[in-house]
Structure formats: structure tokens, C-alpha cells
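Step one of this worksheet: look at the structure below.
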């Protein structure tokens, strides 16, 4: 009896997913895939980068609140379809010097000893994304890219922030280059609910602690009018830090508001 109930339940999820009105890969929410936002559509996110569609094939992303503390700008360009896959490239600039100076203090808010001083630094990332529609309501995305940094002077190797998520993203300022490889799988389970599962690795050739891996899984709610998106899940991080190998399991929550594009008649 219990087995029959489980089989019926999973058949129900599969059937309702196949009958969902809007395929996930045609959804406006394009983050993590090779899709780009429609022209003039805006997505405001609480913790991740917010985005705007400059054109139907060009998307600009930044964080409105963190822009003055940690400037980060990303441009996604759509290149159409090749062999059945939607192709896009990503180009990103990060300027962390001001942020590192702010958190170099003692007491509350201090992440680094004030004895360290940082040169002017900038990181440049270029990558490519390929998204396949594996079914009517599921997409698989593969990504690959490379980042390198430019500095106006030397940097103390002991001035790192040894925290998950932060450490691997700032390591490129200490060791060039950084190679990124990852995947993203998304499946619309019900008409307003979807599941996302992804993995991303950060590789630094020529160093001893040279590989970091992050696994992200979240259940998402999508409003029917594409104006609200809520994600709840976890992020699992593994890497070899200066103190040794570490594994971290972090809660994940994000809220995004979508402002539909207004088309001129």
C-alpha cells in the first residue's frame, strides 16, 4: 500500500509538471541559464545580482545596494542556438578594494586585521553558457569560464578572508588564473513551483589548495505573472583553505521581484 501511494504521488508530480502552462526554459527568470531577459524587464533580487534586459539579447546585472561597497557588473549576451542549445556569453568586472578596506578593522564587522592594506585591484571574468531543453519543463545548462586579476601592487598572502563563498571568489586576486566549470539543472514540478540543482567548481592551477566546489539546491516559487520568485534551499561548500579542508552547509534564501517589460504599441 505504501509503495502504491509513493508511485501515485510521483506520477502526479510528473504529470502536473508536463501539463504546466509555461515551460521553465521560456520563463522570464533567466539567472543561471543561457537565456536573457526580455527588453526592459527588470528583476530586483535581495541577495543576488539584480538584472535588466537592455535588449532581448543583452542583459545587464549589478547589485543596487552593494554597488557602492563592492562594485560588480555583469553583462550577458545571447548568441542564438547552436546544435539545439541556446548559447550566451558572460562578461564580468569586480572591484573589491574598497570593500576589503572597509572590513579591515577590529571588532564587529571586521573580517580582516587592520594591519593589512590592499592595492587597487580588479577581476575580469569571461565565460560561456549552453542551455538545452531536456523536456518541456526541464532545462540543463553547462558553463565554463576563466577569470584573471590585475593589481597596482603586491598583496600580502596572509590577508585572505577564510570564509566559504567569499574565499574562493577572492582567491583570484592572489593566484591567477581561475577556471570555472559548472552545471545547472532546473525542473518545473508544478505550475508555480520548480526545483533547481547546480554545481560549480573554482580551479586555480599551480597552487596546492587549488579546487573549491559548491553545490546548490533550492525549491522555488514562481508567480503566474512572473512578478515574484522565492527560493529556499541550501548551499554546500567544500575547499582546502589555509587552515585545511573544510565542508560547510549553509541555508539559502532569496527573493526576487520581476517588473514586466512594457512594450510600445
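Read the figures in this text as sums done on the coordinates, not as results from a lab. Every value quoted in this text rests on a predicted model; they were computed, and no experiment measured them. Glycine gets a Cβ as well: all are built from the backbone with ideal geometry, and neighbour counts include every protein chain shown.
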Using the 2.2 N^0.38 Å rule of thumb for compact globular proteins, work out how the stretch 40-162 stacks up: its C-alpha Rg over that value, please.
1.32
Fewest to most neighbouring Cβ within 10 Å: what's the order for 237, 192?
192, 237
Bins of 10 Å from zero: percent of alpha-carbon pairs in the stretch 109-226:
12, 33, 27, 18, 9, 1
To one decimal place, what orientation-averaged projected area in nm² is obtained for the convex hull of the Cα set of the stretch 169-231?
5.3 nm²
If you count, for each residue, the other Cβ atoms within 10 Å and average over each peptide, how do 163-176, 112-125 line up from highest to lowest?
163-176, 112-125
How far apart, in nm, are two points set 7 Å out from the Cα along the Cα-to-Cβ line at residue 248 and at residue 46?
1.9 nm
Evaluate E = 1/(1 + (r/R0)^6) for residue 192 and residue 134, where r is the Cβ-Cβ distance and R0 equals 22 Å; express this FRET efficiency to the nearest 0.05.
0.60
Would you please give the FRET efficiency between residue 166 and residue 55, computed as 1/(1 + (r/R0)^6) with r the Cβ-Cβ distance and R0 = 35 Å, to the nearest 0.05?
0.60
Treat the count of other C-beta atoms within 10 Å as a stand-in for reagent exposure and order 42, 155 from fewest to most.
42, 155
Sort the following peptides by mean Cβ neighbour count (other Cβ atoms within 10 Å, averaged over residues), highest first: 250-257, 142-149.
142-149, 250-257
Highest first, please rank the peptides 211-220, 60-69 by the mean number of other Cβ atoms sitting within 10 Å of their residues.
211-220, 60-69
Against the longest alpha carbon principal axis of the chain, how many degrees, from 0 to 90 and to the nearest 10, is the axis of helix 2-18 turned?
90 degrees
Taking only Cα atoms of the stretch 2-259, radius of gyration then Dmax in Å:
19.8, 66
Would you mind computing, in nm to one decimal, how far apart the modelled labels at residue 67 and residue 91 are, each placed 7 Å from Cα along Cα→Cβ?
1.9 nm
In deg cm²/dmol and to the nearest 500, what is the mean residue ellipticity at 222 nm of the chain if only DSSP H runs of at least 4 residues count, each as -39500 (n - 2.57), divided by the residue total?
-3000 deg cm²/dmol
Any idea how far apart residue 181 and residue 255 come out in nm if each label point goes 7 Å out from Cα toward Cβ?
3.9 nm
What is the calculated FRET efficiency for residue 120 to residue 208, with r their C-beta to C-beta distance and R₀ = 22 Å, to the nearest 0.05?
0.20
Extended-chain gain in nm, criterion 0.36 nm per residue less alpha-carbon gap, residue 81 and residue 144:
21.0 nm
